[in-house]
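Novice: What follows is a single structure, and I will ask about it in a moment.
The values are calculated or read from the model by the stated rules, or taken from the named source; none is laboratory data. Not measured: the values here are computed from a predicted model. Here the Cβ is made from the backbone with ideal geometry for all residues, glycine too, and neighbour counts use every protein chain on show. Keep in mind that these areas ignore ligands, DNA and RNA; they rest on the heavy atoms of the full protein, side chains included. Shrake-Rupley method; radii C 1.70, N 1.55, O 1.52, S 1.80 Å.
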Amino acid sequence: MTIRLAASQPFARGGNRLCYVHPEDNSLCIKVRRPDFTLADRRRKKGFPKNLKPLSSFDDNLEEAKVMSALQRRFGELVFRHVSHCFGFVDTDMGRGLVSELIRDGNGAISQTLKKVIWDEAFNRECRRAVTELCQFWAANLVPSRHLLLHNIVVQRDSEGAIKRLVVIDGLGSAALLPMGLLPRSLQRKKIEKKIAVMHGRIETLLGQRKQARFPGYHGLLMHDGVSSQ
Ligand SMILES: Nc1ncnc2c1ncn2[C@@H]1O[C@H](COP(=O)(O)OP(=O)(O)O)[C@@H](O)[C@H]1O
Ligand SMILES: [Mg+2]
């Protein structure tokens, strides 16, 4: 059965994908390729020699599904404290979609990105504590990932509005990163510490941008909250 998404409004648009609330289960989201930025466009943008790779290697959904099942095999349920669950593929009227756990706050609204939260509230104590917890988890478990981007992390709040946890919803790695588990632990730790340092650098940059009138870029802003309008 083909799930109909095209007539509804996505709740977010990343660089590659549109994210929709699953029409049959509002605790799930479906991510589909952006029709205005196809796999072929993405490959073209890469230039030589990367554009020689097969189209499928540019498909984030495929990559994410592979990486998520590898993470689950390696870490079990533990990893889902800070990573969204992934439930495989469905057919939609916008192409094949990847189904994931939709991270919502205690009041039902779709959780905001770390980028948006820091933009709105600066890097206050509560937020700093949540970032520290995520970084400690990453380093203690040696979770392989690409760079930790502030728009690929969401801040889940409880029904009182207090931060419950940070959840990484994208950028978990390319299949090429998975063999990282075979490297000596000290080297893995070094790589992860580097990622964490870069992430802190991004937070500093964002804090510096708060003087500007407008939110930098569109990554990290929601198009609707999944409650009041859809
Ligand atoms: N599982 C999720 N729960 C809550 N919000 C999400 C989830 N997945 C994505 N989002 C929101 O959608 C945006 C774009 O999704 P993302 O997976 O990063 O797409 P892309 O691969 O195009 O970057 C994110 O920045 C985030 O705001
Ligand atoms: Mg993203």
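Novice: Could you tell me the distance between the Cα centroids of segment 89-107 and segment 163-226, to the nearest Å?
Specialist: The distance from the Cα centre of segment 89-107 to that of segment 163-226 comes to 21 Å.
Novice: While we're looking at this one, here's another question. Averaged per residue, what accessible area in Å² does the chain show with a 1.4 Å probe, protein chains only?
Specialist: 52 Å²
Novice: Could you go through segment 71-78 in sequence order and give the Karplus-derived ³J(HN,Hα) for each residue, using 6.51 cos²θ - 1.76 cosθ + 1.60 with θ = phi - 60°, rounded to whole Hz, and x for Gly and Pro?
Specialist: 5, 5, 4, 7, 10, x, 4, 3
Novice: Beyond 17 Å, how much of the Cα-Cα pair distribution for segment 112-209 remains, as a whole percent?
Specialist: 50 percent
Novice: Could you name the lysines whose alpha carbon sits less than 30 Å from that of LYS164, not counting residues in the same chain fewer than 8 places away?
Specialist: Of all the lysines, those that pass the test against LYS164 - Cα under 30 Å, at least 8 places apart if same chain - are LYS31, LYS66, LYS115, LYS116, LYS190, LYS191, LYS194, LYS195, LYS211.
Novice: Sequence gap at least 6, Cα distance under 8 Å: using those rules, report the relative contact order of segment 1-130 to the nearest whole percent.
Specialist: Across segment 1-130, relative contact order equals 26 percent.
Novice: Could you give the length gained by full extension between PHE215 and ASP158, i.e. 0.36 nm per residue of separation minus their alpha carbon distance, to one decimal place?
Specialist: Net length gain for the segment: 18.0 nm.
Novice: Can you bin segment 12-101 into rounded, prolate or oblate? Criterion: square roots of the alpha carbon gyration tensor eigenvalues sorted a ≥ b ≥ c, rounded for a/c under 1.5, prolate for a/b above b/c, oblate for the rest.
Specialist: Verdict is oblate for segment 12-101.
Novice: For the chain, what is the convex hull volume of its Cα atoms per residue in Å³? All intermediate terms of the calculation are to be shown ahead of the outcome.
Specialist: Numbers: hull volume 33.3 nm³, N = 230.
With only Cα atoms used, the chain gives 145 Å³ per residue.
Novice: Ranked from the most accessible area to the least, with a 1.4 Å probe and all protein chains present, what is the order of TYR20, TYR218?
Specialist: Heavy-atom accessible area, descending, gives TYR218, TYR20.
Novice: Roughly to the nearest percent, how much of the accessible area of the chain is carbon and sulfur, given a 1.4 Å probe?
Specialist: Details: 6260 of 11870 Å².
Carbon plus sulfur share of accessible area: 53 percent.
Novice: Which GluC sites (Glu not before Pro) from segment 1-98 combine a DSSP loop assignment with at most 14 other Cβ atoms within 10 Å?
Specialist: GLU24
Novice: Rank ARG214, ARG17, ARG165 by mean-square fluctuation in a GNM of the chain with C-alpha springs under 10 angstrom and give only the top-ranked residue.
Specialist: Most flexible of the set in this elastic network: ARG214.
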